[in-house]
Amino acid sequence: MISSLFGGSSLRISPKDFPAPAEDAPLAARPGRALAVLAGGCFWCTEAVYLELDGVLSVVSGYSGGTAETADYKSVCTGRTEHAEVIQIEYDPSRLSFGALLKIFFAVAHDPTQLDRQGNDVGTQYRSAIFYADAEQKRIAEAYIRQLDAAQVFSSKIVTRLEPLEEFFEAEAYHQNYAALNPGQGYIQAVAMPKVEKLRKYFGDQLKG
């Protein structure tokens, strides 16, 4: 089965053949800064993927979906705070589109067909979600999900939630740049690095020099 070749995900095609979004925002005429907030399981892993992508200026791990009172790791890990572990990606919209970020999100960063979990990480805090900042981000994300489902790119239906971005809460300092600072940690080697290696293998031309 093809999916067994690509990190155990439900992807039915090679990541190199993953379709780009048919609807996307055009690249900006001049360099600038834009933000995207994505939830794809443990933020250590998604952060590690996006830090390598050319056009990404910074990645901050944090929490969205709940309130400030419980936006801390211990509380979020209970699965009862409504938060998701997220990353806030700051990128240059003259070099990367929002749709290009979503392509990596679906093709590499996580499995969007797993409901309220990623592998052995179980709970709503590990849900697949796009926290859209405006109507354009929502429109692009909705259209892309419809496109991928219609093309049956995955063996199961995409369960990614679209949630309005109310607030982003930065996670504790020890979570930031975690994979790079802890390369020998077992979880990083078993879960994060295969995603990074998949990015390098299939999207090497899109990485920072």
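The values are calculated or read from the model by the stated rules, or taken from the named source; none is laboratory data. Nothing here was measured: the structure is a model prediction, and the numbers come from that model. Reconstructed Cβ throughout: ideal geometry from the backbone, glycine too, with neighbour counts over all protein chains shown.
Return the residue satisfying two criteria in turn: it lies in the range 79-95 and is surrounded by fewer than 24 Cβ atoms within 10 Å (Cβ to Cβ) and within 19 Å of ALA48 (Cβ to Cβ), and of such residues it is farthest from the chain's Cα centre (by Cα). Before you say what the answer is, go through the steps one by one.
Narrowing the range 79-95 to residues surrounded by fewer than 24 Cβ atoms within 10 Å (Cβ to Cβ): 79-82, 88, 90, 92-95.
Next, only the ones that are within 19 Å of ALA48 (Cβ to Cβ) stay: 88, 90.
Details: GLN88: 9, GLU90: 13 Å.
Step by step, filter the range 79-95, then rank; the result is GLU90.
Are there any pairs with C-beta distances below 7 angstrom linking a residue in the range 110-130 that is of a type in the set (Phe, Trp, Tyr) to a residue that is in a strand (DSSP E or B), with the two at least 6 apart or on different chains, and if so which?
Sorted first by the residue in the range 110-130, then by its partner, the pairs are TYR126/GLU85; TYR126/ARG117; TYR126/GLN118.
Just name the residue that is surrounded by the most Cβ atoms within 10 Å (Cβ to Cβ) out of those in the range 30-53 that are small (Gly, Ala, Ser) and within 19 Å of TYR174 (Cβ to Cβ).
Result: ALA48.
As an exercise: evaluate ALA135 against (1) of a type outside the set (Ser, Thr, Tyr); (2) buried (at least 18 other Cβ atoms within 10 Å of the Cβ); (3) over 14 Å from the mean Cα position of the chain (by Cα) and give the number of the one condition it does not meet.
Single failed check for ALA135: (2).
If only one of LEU115, LEU96, LEU101 is modelled with pLDDT of 95 or more and in a helix (DSSP H, G or I), which one is it?
Exactly one of LEU115, LEU96, LEU101 is modelled with pLDDT of 95 or more and in a helix (DSSP H, G or I), namely LEU101.
Which of the residues that make up the range 73-93 are aromatic (Phe, Trp, Tyr) and not in a strand (DSSP E or B)?
If the condition is that a residue be aromatic (Phe, Trp, Tyr) and not in a strand (DSSP E or B), then TYR73 is the only one that fits.
Any chance the range 55-73 includes a residue that's modelled with pLDDT of 95 or more, closer than 19 Å to ARG161 by Cβ and among the hydrophobic types (A, V, I, L, M, F, W, C)?
Scanning the range 55-73, I find at least one residue that is modelled with pLDDT of 95 or more, closer than 19 Å to ARG161 by Cβ and among the hydrophobic types (A, V, I, L, M, F, W, C), so the answer is yes.
Looking only at residues that are among the basic types (Lys, Arg) and assigned to a loop (DSSP other than H, G, I, E, B) in the range 14-46, which one is farthest from the chain's Cα centre (by Cα)? Spell out how you get there, then give the answer.
Quick first cut of the range 14-46, residues among the basic types (Lys, Arg) only: 16, 30, 33.
Still in the running and assigned to a loop (DSSP other than H, G, I, E, B): 30, 33.
Values: ARG30: 25, ARG33: 18 Å.
The qualifying residue farthest from the chain's Cα centre (by Cα) is ARG30.
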